[in-house]
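*Asks:* Before anything else, here's the structure in question.
Taken together, the values in this text are just the output of simple stated rules run on the coordinates, not laboratory data. Given the structure is predicted, the values throughout are model-derived calculations rather than measurements. Note that we place each Cβ from the backbone using ideal geometry, even for glycine, and neighbour counts take in every protein chain shown.
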């Protein structure tokens, strides 16, 4: 998380206007940073991410950073109409506030900004936080590529599976569980890619895209 904040501090260090370099004797300049989380408020990972962002900015000697926090709640609400409604709401809410940078947490938040929220925050630098390598590679072809930077998370499905196999060397089956939100879809793609080298060695039990009741029943019925 701190690496994302370091990227963001570098962006915030750019002058607000040509010739806007500041003397070390003047008061700290104010920067406004909007953090957009992909999931709902109270999501454990989001809480830790916000804590890390606040800790870094609180100790920053150069800028007085004012944070604005928004949640897309993508696991419960999705679809074009919802995205359009959120974009319209944010456009109206922040119409009188100059946002200097945006932190987009998880791929869904990045996609929202590029596809629906770009009109609300045109040309505002975006720091993509916690996005997988495969998603970052897709951004290379984006028309907005020049305004995006960020931190790529490790894709280590193979390492996790190898650790599990060392603990349970007789394992013959692996169950894959994933949700249906946009973030879950990317996580599932990463997991499937990491499982490819084990084709023929391990049987894959696919429990993705199922209702929760069905997943619970299937998990309770898994073979040893």
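*Asks:* Give the shape of the stretch 42-92 as rounded, prolate or oblate, defined through the alpha-carbon gyration tensor: a ≥ b ≥ c are the square roots of its eigenvalues, a/c under 1.5 means rounded, and otherwise the shape is prolate if a/b is larger than b/c and oblate if not.
*Replies:* Values: a/c = 5.26, a/b = 1.78, b/c = 2.95.
Oblate, since a/c reaches 1.5 and b/c is not below a/b.
*Asks:* Which ordering of 149, 134 is given by a fewest-first count of other beta-carbon atoms within 10 Å?
*Replies:* Least crowded to most crowded, the residues run 134, 149.
*Asks:* Can you tell me the orientation of helix 80-93 relative to the chain, as the angle in degrees between its alpha-carbon axis and the longest Cα principal axis, to the nearest 10?
*Replies:* The angle comes out near 20 degrees.
*Asks:* May I pose another question? Against the longest principal axis of the chain, how steep is helix 2-12, in degrees 0 to 90 to the nearest 10, with axes from Cα atoms?
*Replies:* 30
*Asks:* Also: So what is the relative contact order for the chain, in percent, with contacts set as C-alpha pairs under 8 Å and at least six apart? The partial results should precede the final answer.
*Replies:* Working: 277 pairs, mean separation 41.9, N = 224.
That works out to 19 percent.
*Asks:* Rank the residues 78, 59, 142 as a footprinting-exposure proxy: fewest other Cβ atoms within 10 Å of their Cβ go first. Don't skip to the end; give the middle numbers.
*Replies:* Details: 78 15, 59 8, 142 12.
The most exposed by this proxy come first: 59, 142, 78.
*Asks:* May I have the pair-distance distribution P(r) for the chain, computed from all Cα-Cα distances with 10 Å bins from 0 and rounded to whole percent?
*Replies:* Reading the bins upward from 0: 7, 28, 31, 19, 11, 4, 1.
*Asks:* Another question about this same structure. Can you sort 113, 202, 48, 72 by how many other beta carbons sit within 10 Å, fewest first?
*Replies:* Result, fewest neighbours first: 48, 202, 113, 72.
*Asks:* Can you give me the three principal axis dimensions of the stretch 76-180 from its C-alpha atoms, in Å, biggest first?
*Replies:* Over the stretch 76-180, Cα extents along the principal axes are 61, 29, 22 Å.
*Asks:* For the Cα atoms of the chain, what angle does the longest principal axis make with the long axis of helix 182-195, in degrees from 0 to 90, nearest 10?
*Replies:* Helix 182-195 sits at roughly 50 degrees to that axis.
*Asks:* The stretch 157-220: D in µm²/s via Stokes-Einstein (Kirkwood Rh, Cα pairs, 25 °C, 0.890 mPa s)?
*Replies:* For these conditions, the coefficient is 195 µm²/s.
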